[in-house]
Ligand SMILES: C[S@@+](CC[C@H](N)C(=O)[O-])C[C@H]1O[C@@H](n2cnc3c(N)ncnc32)[C@H](O)[C@@H]1O
C-alpha cells in the first residue's frame with residue numbers, strides 16, 4: 001500500500017483517506033492516469049495516481065465524510081441519473097474497476113464534457129436522455145445493482161421509482177440526493193424530505209439518511225434498498 005494513506009473499513013473500493021498538507025482527504029485511484037475531470041488535485045504515491053475528492057464538490061463524497069455506508073462493489077453496474085459533466089460519476093468509475101457506470105444527462109451543453117470524460121474511461125457510458133423516461137435507455141443499461149440519482153427535479157421520488165421498475169435488480173440499491181429547493185422552493189426542507197421519503201416507501205426500504213450540512217445546504221442523501229416484489233407476491237399467494 002502506498003505511503004501516508006490508509007483504507008478505512010467503511011470506505012468503498014478504491015476510495016482512500018490520504019494525508020495531504022497535514023489533513024486527511026478523500027481520494028480515489030485514478031482509472032485514467034494522466035487525466036483530470038474537473039481540475040481536481042492529483043497526488044502520486046508509489047506509482048499510484050490518486051484524485052483528491054472534495055465533499056464540497058461532490059454529494060457522494062459528503063455522504064462518505066458523514067459516515068454513510070455506500071453500497072458499491074468493484075463490479076457494480078450503476079445507473080447514474082443527472083451526471084452533469086461527470087464530476088461524481090468519474091469517481092464512481094474509479095471505484096467500479098470491474099463494473100460499469102451508465103451516465104444519464106439531458107442537458108446537451110454538459111453532455112459534451114461528459115462524452116469527453118467517458119472517452120477516457122472504459123467503464124463509463126454517456127446517455128443523452130431524460131431520466132423521467134427510463135424505457136428509452138433500459139436496453140443500454142440493462143439491470144443494474146445501484147441507481148445513483150442527483151437530478152434536482154420536482155418529482156425526485158417518482159423518478160427513482162420509475163427507474164427502479166425498469167432497470168434496478170430486485171434487492172438492488174438506490175442512492176438519492178434530495179434537494180429541498182428543487183422540489184419546492186418555498187416549503188420547509190424538513191417537510192419536503194418527509195414527503196419524498198413517504199413516496200419512496202412504495203418501492204424501497206430506506207436504510208440510512210442524513211442531511212449533507214456543512215457541505216451542501218438543504219440537501220438530504222439517502223441509501224435505500226428495493227423491495228423484492230416477486231418474493232412478496234409468492235408469499236401472498238401461499239397465504240390464500
Ligand atoms: C446537481 S446536477 C448533478 C451534479 C452531478 N451529480 C455531480 O455530482 O457531479 C443535476 C443534473 O441533473 C440534470 N438533470 C435534471 N433533470 C434531468 C432529467 N430529467 N434527466 C436527465 N438529467 C437531468 C441537470 O441537467 C444537471 O446536470
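The values are calculated or read from the model by the stated rules, or taken from the named source; none is laboratory data. Computed from a prediction, not measured in an experiment: that's the story for all the values here. Here the Cβ is made from the backbone with ideal geometry for all residues, glycine too, and neighbour counts use every protein chain on show.
For residue 67, indicate whether it is assigned by TED's automatic domain parsing to the domain that holds residue 163, modelled with pLDDT under 95 and not in a helix (DSSP H, G or I).
Details: assigned by TED's automatic domain parsing to the domain that holds residue 163: yes; modelled with pLDDT under 95: yes; not in a helix (DSSP H, G or I): yes.
Spelling it out, residue 67 is indeed assigned by TED's automatic domain parsing to the domain that holds residue 163, modelled with pLDDT under 95 and not in a helix (DSSP H, G or I).
With respect to (1) more than 12 Å from the ligand (Cβ to nearest atom); (2) surrounded by fewer than 16 Cβ atoms within 10 Å (Cβ to Cβ); (3) under 27 Å from residue 215 (Cα atoms); (4) in the same structural domain as residue 175 (by TED's automatic domain parsing), the lone exception for residue 44 is condition (4). Selection over segment 91-110 of residues that are more than 25 Å from residue 214 (Cβ to Cβ) and either modelled with pLDDT under 95 or within 10 Å of the ligand (Cβ to nearest atom) (or both) gives a count of 8. Filter segment 11-41 for residues that are touching a residue at least 60 places away in the same chain (Cβ under 8 Å) and either exposed (fewer than 14 other Cβ atoms within 10 Å of the Cβ) or not in a loop (DSSP other than H, G, I, E, B) (or both) and give the result. Scanning segment 11-41 gives 15, 28, 29.
From the list 58, 54, 85, 93, the lone residue that is buried (at least 23 other Cβ atoms within 10 Å of the Cβ) and closer than 19 Å to residue 216 by Cβ is 58. When you check residue 133 against the structure, is it within 14 Å of the ligand (Cβ to nearest atom), free of Cβ contacts under 8 Å to residues at least 40 places away in the same chain and out of contact with any strand residue (DSSP E or B) (no Cβ under 7 Å at 6 or more places or on another chain), yes or no? Here the answer is yes, as residue 133 does meet what is asked.
Annotation note: Cβ proximity below 9 Å between a residue of segment 70-95 that is over 24 Å from residue 155 (Cα atoms) and a residue that is within 12 Å of the ligand (Cβ to nearest atom) and in a helix (DSSP H, G or I) (sequence gap 6+ or interchain) occurs for 72/92; 76/92; 90/117; 91/60; 91/61; 92/60; 93/117.
Among the residues of segment 64-90, those identified as within 11 Å of the ligand (Cβ to nearest atom) and either touching a helix residue (DSSP H, G or I) at 6+ places or on another chain (Cβ under 7 Å) or over 14 Å from residue 31 (Cβ atoms) (or both) are 80, 81, 82, 83, 84, 85, 86, 87, 88, 90. Residue count for segment 132-164 satisfying the condition of being buried (at least 16 other Cβ atoms within 10 Å of the Cβ) and either within 12 Å of residue 84 (Cα to Cα) or not assigned by TED's automatic domain parsing to the domain that holds residue 225 (or both): 3.
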